[in-house]
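The values are calculated or read from the model by the stated rules, or taken from the named source; none is laboratory data. On a predicted model such as this, the values are computed, not experimentally measured, just so you know. Every residue, glycine as well, gets a Cβ built from its backbone with ideal geometry; the counts of neighbours run over all protein chains shown.
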Amino acid sequence: MRIKVFRILLAGLFIFLELFLFHLQALNGRKYAQLSDSNRVRIIPQQGSRGSILDRNGEVIVGNHLSYNVSIIPRQVRNSDETLRKLSGYLGVPFEKLKVSYRRGKGASFLPVTVARDIDKRKAILIEEAKASLPGAIIEQVPERFYPNDKLACHLLGYLSEIDHWRLTKLKDYGYKTKDVVGYSGIEERYDYYLRQEEGGLQVEIDHRGNITRILGLRSPKNGKDVQLTIDLNIQKVIEECLGERRGAIVVLDPYSGEVLGMASAPGFDPGSFLSEAAGRDKVFTDPKAPLLNRAISATYPLGSVFKVVIASGALEADKIEASSTYHCSGSVMIGRREYNCAHVHGDQNVRQALVHSCNVFFYKAGILLGPERIYEWANKFGLSKPTQIDLPSENSGCVPNPFWRRLNKLKGSWFDGDTANLAIGQGELLVSPMQAAVLMAAIANSGVLVKPYLVSSVDGKDISRYQRKTSTVAIHENTMRLIRKGLKGAVEDSDGTANVIASTGVAAAGKTGTAQTQAGKSAHAWFAGFFPYEDPKYTICVFLEYGGSSVIACQVTRDIIEGMKLKGLL
């Protein structure tokens, strides 16, 4: 009886095994064969070089150099801690830091894990010579991003870092994958698709222990495309040197094409730090001075008296005032029940004189005659309250308030003449970026053409500037433009002009100053926006100093920039 039961169980076991083998081989044979192939075939990635970023003259702003990286192959290391401790001594890097890098990067046993990047050549040679006592450690030569000018133009360039979840979700259909290094902000982000390299790799066969048995194939990596900018490195160096440690932004444009010749924002940051130590990145992210903020395009501020150019243009075009219209400035004026002040007692002022002296009283009255709706209309014509469409991410559109805007945003209070007066001198809820102010002044310099600023002129040697240049016309009479330009010229050339400090350069220039009041207890923002040379404008400039105090300081910075450009033969 027991033998019979045993035979039945044994027969049942064989039937089960046969059915199981049939399931594996006949029904799912192809599936498991594919899995087997994928388990024995691996790709060892090989990097190409990211595209370089060049200035308008072909000079490298961001490039690549050969980096010596220290890596460990897990399959070949006997005692990872022992190897890492020895490497710590050669590199001068704490053992714990190397251990964290090794643990985070460890994947397949045959793939190298980078524990130290961009070491100097001397250390690389020492480690190579000591390979016998460093099992599993190798020196890899890989292309690494290189910034020959350190922080120069950091905001317009952006930086590189490992792709985050949000970007990966958006870009995975375009070939992006986990742990890819991608551009963040600036040109690096906006043109990442062109700049990024195409990864290659070595296809190898491995055995069940993870050893490489043979090489199956090689796909060479492809380098990214070079991108050439409109930036002139000579101008960029001058404006950054003149801006110095002050918080603020400077923009220099070609007033006819919209080419950005220089764009600086301060404080800045070191783009190279995002490729190396996490401590350097964390310091930038937590800095209360917001060094990552591109104040030229991503931050907006009250424009102050620079906005008087819009008021003068609109009031003249709407026939609310004429070139000969005169208002008396006694230092203040009553609007409703409140007294609105001027910086000085100017006496009788016409349009030109009011621009030269930046007379608030004149523009309070001209602004009220024009009205808030038409002020908004003219501000919009000059490109305010909307993005300039510069080819950079994270541009702020700013704000030009009006009664409808206030109702739309459910803000309390009606709109009064006092609000219009405040707006007419660039105060209140008006917010403008330095780039928008530069575009506004370019339209004055070129007689009414609103340009779209742009930074990239060619990709991979192919000229794309004709696609970048976009303009629209500000419908304004030449007589009005001529009168406005005379007022702006007088602000620089007249001895009592608000921007007279610039006259010492000997370069005929024109422009408007602005001192924008801020919250209580803080210094005013300082502005200057203008163009030079006067007769044939080659450059439009906007200098903005955050909490810089008087606009005289912005004019002094402008003077220093013009002097610096003269020394470099740019004028």
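Some notes on this structure:
- Matching option when the condition is in a helix (DSSP H, G or I) and either in contact (Cβ under 8 Å) with a residue 40 or more places away in the chain or of a type in the set (Val, Ile, Thr) (or both), among Ser298, Ser305: Ser305
- Residue within the stretch 268-290 that is more than 22 Å from the chain's Cα centre (by Cα) and crowded, with 18+ Cβ neighbours inside 10 Å present: no
- Hits in the stretch 525-545 - residues which are crowded, with 20+ Cβ neighbours inside 10 Å and outside any strand (DSSP E or B): Pro537
- Residues in the stretch 161-168 include none that are in contact with a Pro (Cβ under 9 Å, 6 or more places away or on another chain), at pLDDT below 95 and under 21 Å from Leu111 (Cβ atoms).
- Flag for Ser161 being hydroxyl-bearing (Ser, Thr, Tyr), surrounded by fewer than 19 Cβ atoms within 10 Å (Cβ to Cβ), within 21 Å of Ser49 (Cβ to Cβ) and touching a helix residue (DSSP H, G or I) at 6+ places or on another chain (Cβ under 6 Å): yes
- The one condition in (1) under 23 Å from Leu431 (Cβ atoms); (2) part of a loop (DSSP other than H, G, I, E, B) that Asp319 fails to fulfil: (1)
- Residue match in the stretch 480-491 (condition: surrounded by fewer than 22 Cβ atoms within 10 Å (Cβ to Cβ), in contact with a Cys (Cβ under 9 Å, 6 or more places away or on another chain), over 30 Å from Lys225 (Cα atoms) and modelled with pLDDT of 95 or more): no
- Residues (surrounded by 22 or more Cβ atoms within 10 Å (Cβ to Cβ) and farther than 16 Å from Val474 by Cβ) located in the stretch 309-332: Ile321, Cys329
- Residues in the stretch 245-267 that are modelled with pLDDT of 95 or more and assigned to a loop (DSSP other than H, G, I, E, B): Arg246, Arg247, Asp254, Pro255, Tyr256, Ser257, Gly258, Pro267.
- Of everything in the stretch 549-568 that is modelled with pLDDT of 95 or more and among the small types (Gly, Ala, Ser), the residue that is surrounded by the fewest Cβ atoms within 10 Å (Cβ to Cβ) is Gly564.
- Residues being among the hydroxyl-bearing types (Ser, Thr, Tyr) and either under 26 Å from the mean Cα position of the chain (by Cα) or outside the structural domain of Arg196 (by TED's automatic domain parsing) (or both) are entirely absent from the stretch 77-93.
- Ser265 vs. criteria in contact (Cβ under 8 Å) with a residue 12 or more places away in the chain and either surrounded by fewer than 24 Cβ atoms within 10 Å (Cβ to Cβ) or over 18 Å from Pro453 (Cβ atoms) (or both): no
- Residue selected from the stretch 502-518 under the condition assigned to a loop (DSSP other than H, G, I, E, B) and of a type in the set (S, T, N, Q), by the criterion nearest to Ala554 (Cα to Cα): Gln517
- Checked against (1) of a type in the set (S, T, N, Q); (2) under 26 Å from Ser394 (Cα atoms); (3) in contact with a His (Cβ under 8 Å, 6 or more places away or on another chain), Thr498 passes all but a single condition, namely (2).
- When Lys106 is tested against (1) under 13 Å from Ser80 (Cα atoms); (2) free of Cβ contacts under 8 Å to residues at least 24 places away in the same chain; (3) of a type outside the set (S, T, N, Q), only condition (2) is not met.
- When Thr178 is tested against (1) of a type in the set (Val, Ile, Thr); (2) in contact with a helix residue (DSSP H, G or I) (Cβ under 7 Å, 6 or more places away or on another chain); (3) closer than 16 Å to Arg145 by Cβ, exactly one condition is not met: (3).
- The condition of being in the same structural domain as His357 (by TED's automatic domain parsing), over 14 Å from the mean Cα position of the chain (by Cα) and surrounded by 24 or more Cβ atoms within 10 Å (Cβ to Cβ) holds for only one of Val306, Val260, that being Val306.
- Test set (1) touching a helix residue (DSSP H, G or I) at 6+ places or on another chain (Cβ under 7 Å); (2) surrounded by 18 or more Cβ atoms within 10 Å (Cβ to Cβ) - Ser504 fails condition number: (2)
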